[in-house]
Structure formats: structure tokens, C-alpha cells
Amino acid sequence: MVSQLASAPEANRLAFGERGPLSSCVLRRLTGSSTDREHIELARLAVAETTDVVWDDDIQLALFALYASAYGSIEQFVPSLEWDAELITTRGILEEHFERTLRDRIPVPDLPEPAVDAVSRSLFALTGSDSGPSLSRYLAKKATTEQAREFLVQRSLYTLHEADPHSWAIPRLHGRAKAALVEIQADEYGGGRADRVHATIFAASMRGAGLDDTYGAYIDDVPAITLASHNMMSMFGINRRLIGAIVGHLAAFEMTSSVPNRMYGDGFRRLGFGDDVTDYFDEHVEADAVHEQIAGRDLAGALAEDRPDLLEDIMFGAAACLSVDGWAGAHILHAWSNGESSLRTGASS
């Protein structure tokens, strides 16, 4: 792909390119290469014409870039543009269509009583009934070395700054729910040890597998559905009105983590990778077995009990986590089952 950003000054040159007119305009604006406000109209046009926002490369890359500006994860993005009113307008247009699509498409279970035990049981029932194809089982038993490395590439978009999307919720919560989230996030950020920050451990896994651990190195390679999974977390986390959804997302995320991570670790060991690669997955087997109880009861359950008005969004966030991550996993498995790469180019694995 020949990027329209190729003419940008060297200091502002990105490691990835646009995927259409909207993302091109957004990227040029975020890097300070253009003052064009055309991205607003391009966003309106994109959501009007897309056949499926979840799988739309141009929309999902534009949305990813707009969130990356808030995270500070892409150093070439001009910091003073984080709250640029026109860029926020564009983000709002894309978020409105993305959120509406998710709410229309994702089935939410019957709401339990807004009480700790009832919400926790409902969440465990929801996550326990997830019967989609198992990416972790495939990696444990069948994946090739190249597929295992490709898996790390797919996961790198989120995991190289793991936990950050959920941390947006900390200042928006109070009392029991806030304390529970901080307890979970403290573990995610290494419990005071920089070398045990989960994003740092994952970066070591990537290096151990011969991959580039620079954030953004593989953005060109991941498909729209991978961007969408990350964007959904960011949308839930960064919007205060969606506090229930990000809490429900984290609950489902933690409840479906421990067993798959054990299988991922076993798969990498089967393929001959060492502790430098498997450490990340082994760390999550025990940690997330504890986190799932905290997330289900002390976080989601307590929030629903204290704020019954958020119960519907808590359950929606949990269902959305399972659904969108399920779509992403199904995409990878479909490609691998057909002897193909799940990446856009396959070049990075």
C-alpha cells in the first residue's frame, strides 16, 4: 500500500498507512500534516455508505487513531489535538453508528436482580454458556509456529497497553466498585513492579517469538475486526455514559481468561518456545482465576447493586465482549482452517 502520508515530515511519519479517505484525512490531521476538517463530512459519508461498520477498515482505523490520540500511544500524533473539537465531532459520528450497530446486533440476556449474588451468577452463566469455536484449544493442539506468532501480532494491539481501556473507569466509580477495579488494575500494572506490568511481560513474549514489540508496528497487518475489538473497549471506557458497559466488559474479559491462557501457554510450549514467551500466559492463569471473582461480585455486582440504572449496560458490555471477541476469534480460525493468514497481508508473521 502506498500511503498518502508518505510525504509527511520524517518526524511525523507513521509506521502504518490509511485504509481509505476517512482514515487518511484523520491521520493527516492528527499528525499535524493538514488542517483540513473534511474528516467530519467523510465520517458522515462513511457511516451512511458502509455495509458493516464492524468490518469496515476505513472506519475502524479512523476510530482507532482518534482513540490513540487520547491514549498517547502513537507518538507522532500532536498532543494538543487530543481535544480538538472537530476531531471529537468526527469521533462522535463514528461512535454513534458503532454503538448502535453493536446494540442492535448483540443479544443481551434477561436482566437479573440488581444484587451482588444475582449479577455475579448471571455473568458466570453468560460466560459459561459461550460455545463459540475455541481459538485457545486450536493453538494448544494444532497451531503451527507461524500461526502462533501471528496470534501474538493479533493480540499486540490491545496487550501492549493492556488494562488501559478499563482504567478510564477508575475516576468514574465510587465505593466498593472503585476499590475492586483498582485491586484488579493494580495486578495488571505489576503490583508496583515495573518488570511485572502485564504489557511489559507481553512485550517480552513478542521479542522471544522474534517479533517487533514497538506499539503500532503491526497496525497495517491486523484486520478491521481486531481494530473493532479494541475500539469497543476504548469507546466503553472513554465515554462516561458507558461506565456500566466497560465494567461488564471487564467482568466477562476476566471470567474468560484463565483457562484460555493456560491453553495458550501449553500451545507455545508444544511448539518449543521458552519461558520468555510463555511467562505472560502463565501469569494470567492464576491471576485471572482470582480476578474473575473480584470482577463478577465486587465490581460488576456491587456496581449494579449501588446503581441499578446501570444494570442493563453492565450486561450489554459483558455480552459485547463475548460477541466481538468471538467474531475476531472465528475470523482467525476460519483463515487458519483454510491454510491462510488471518492478517491483512500475512507479511508480518
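The values are calculated or read from the model by the stated rules, or taken from the named source; none is laboratory data. From a predicted model like this one, the values you see are computed outputs, not experimental measurements. Here the Cβ is made from the backbone with ideal geometry for all residues, glycine too, and neighbour counts use every protein chain on show. Note: accessible area is taken over every heavy atom of the protein model, side chains too, but ligands, DNA and RNA are not part of it. Shrake-Rupley method; radii C 1.70, N 1.55, O 1.52, S 1.80 Å.
Please enumerate the residues belonging to the range 63-77 that are of a type in the set (A, V, I, L, M, F, W, C) and not in a loop (DSSP other than H, G, I, E, B).
Those that are of a type in the set (A, V, I, L, M, F, W, C) and not in a loop (DSSP other than H, G, I, E, B): L63, F64, A65, L66, A68, A70.
If you go through the range 155-172 one residue at a time, do you hit one that is of a type in the set (G, A, S), open to solvent by less than 30 Å² (accessible area, probe 1.4 Å) and either touching a His at 6+ places or on another chain (Cβ under 7 Å) or not in a helix (DSSP H, G or I) (or both)?
Yes.
Filter the range 192-203 down to the residues that are in a helix (DSSP H, G or I) and either open to solvent by less than 30 Å² (accessible area, probe 1.4 Å) or closer than 19 Å to S257 by Cα (or both) and list them by number. Can you show your working first?
We begin by selecting, within the range 192-203, every residue in a helix (DSSP H, G or I); these are 192, 194-196, 198-203.
The answer is R196, H198, A199, T200, I201, F202, A203.
Give N231, N239 a once-over and let me know the one that is open to solvent by less than 10 Å² (accessible area, probe 1.4 Å) and either within 12 Å of the chain's Cα centre (by Cα) or over 22 Å from A330 (Cα atoms) (or both).
Going through N231, N239 in turn, just one is open to solvent by less than 10 Å² (accessible area, probe 1.4 Å) and either within 12 Å of the chain's Cα centre (by Cα) or over 22 Å from A330 (Cα atoms) (or both): N231.
Scan the range 165-196 for residues that are within 17 Å of the chain's Cα centre (by Cα) and more than 21 Å from S120 (Cβ to Cβ) and jot them down.
P165, S167, W168, Y189, listed by residue number.
Do we have any residue at all in the range 122-134 that's β-branched (V, I, T) and either surrounded by fewer than 19 Cβ atoms within 10 Å (Cβ to Cβ) or in contact with a Pro (Cβ under 9 Å, 6 or more places away or on another chain) (or both)? Walk me through it before giving the result.
Step one: of the range 122-134, the residues β-branched (V, I, T) are 127.
Then keep just the ones that are either surrounded by fewer than 19 Cβ atoms within 10 Å (Cβ to Cβ) or in contact with a Pro (Cβ under 9 Å, 6 or more places away or on another chain) (or both); that gives none.
No, because not a single residue in the range 122-134 is β-branched (V, I, T) and either surrounded by fewer than 19 Cβ atoms within 10 Å (Cβ to Cβ) or in contact with a Pro (Cβ under 9 Å, 6 or more places away or on another chain) (or both).
Just checking, which of D117, D110 is assigned to a loop (DSSP other than H, G, I, E, B) and open to solvent by 70 Å² or more (accessible area, probe 1.4 Å)?
None of the others qualify; the one that does is D110.
Looking at (1) closer than 12 Å to Y158 by Cα; (2) assigned to a helix (DSSP H, G or I), find the lone condition where Y215 falls short.
(2)
Considering only residues that are open to solvent by less than 10 Å² (accessible area, probe 1.4 Å) and not aliphatic (A, V, I, L, M), look in the range 299-326 and name the one that is farthest from T101 (Cα to Cα).
Among those that are open to solvent by less than 10 Å² (accessible area, probe 1.4 Å) and not aliphatic (A, V, I, L, M), it is G301.
Of these, A335, A289, which one is modelled with pLDDT under 95, surrounded by fewer than 21 Cβ atoms within 10 Å (Cβ to Cβ) and of a type in the set (G, A, S)?
A289
In the range 254-266, how many residues are under 12 Å from A140 (Cα atoms) and crowded, with 24+ Cβ neighbours inside 10 Å?
Count: 2.
Can D36 be described as of a type in the set (D, E, K, R) and either open to solvent by less than 10 Å² (accessible area, probe 1.4 Å) or in a loop (DSSP other than H, G, I, E, B) (or both)?
For D36, the condition - of a type in the set (D, E, K, R) and either open to solvent by less than 10 Å² (accessible area, probe 1.4 Å) or in a loop (DSSP other than H, G, I, E, B) (or both) - is met.
Anything in the range 180-191 that is under 17 Å from L250 (Cβ atoms), free of Cβ contacts under 8 Å to residues at least 40 places away in the same chain and open to solvent by less than 30 Å² (accessible area, probe 1.4 Å)? List them, or say none.
Q185, E188 - these are the residues of the range 180-191 that are under 17 Å from L250 (Cβ atoms), free of Cβ contacts under 8 Å to residues at least 40 places away in the same chain and open to solvent by less than 30 Å² (accessible area, probe 1.4 Å).
With E82, E41, E96 as the choices, which residue is of a type in the set (D, E, K, R), open to solvent by 30 Å² or more (accessible area, probe 1.4 Å), farther than 18 Å from S323 by Cβ and within 19 Å of the chain's Cα centre (by Cα)?
E96
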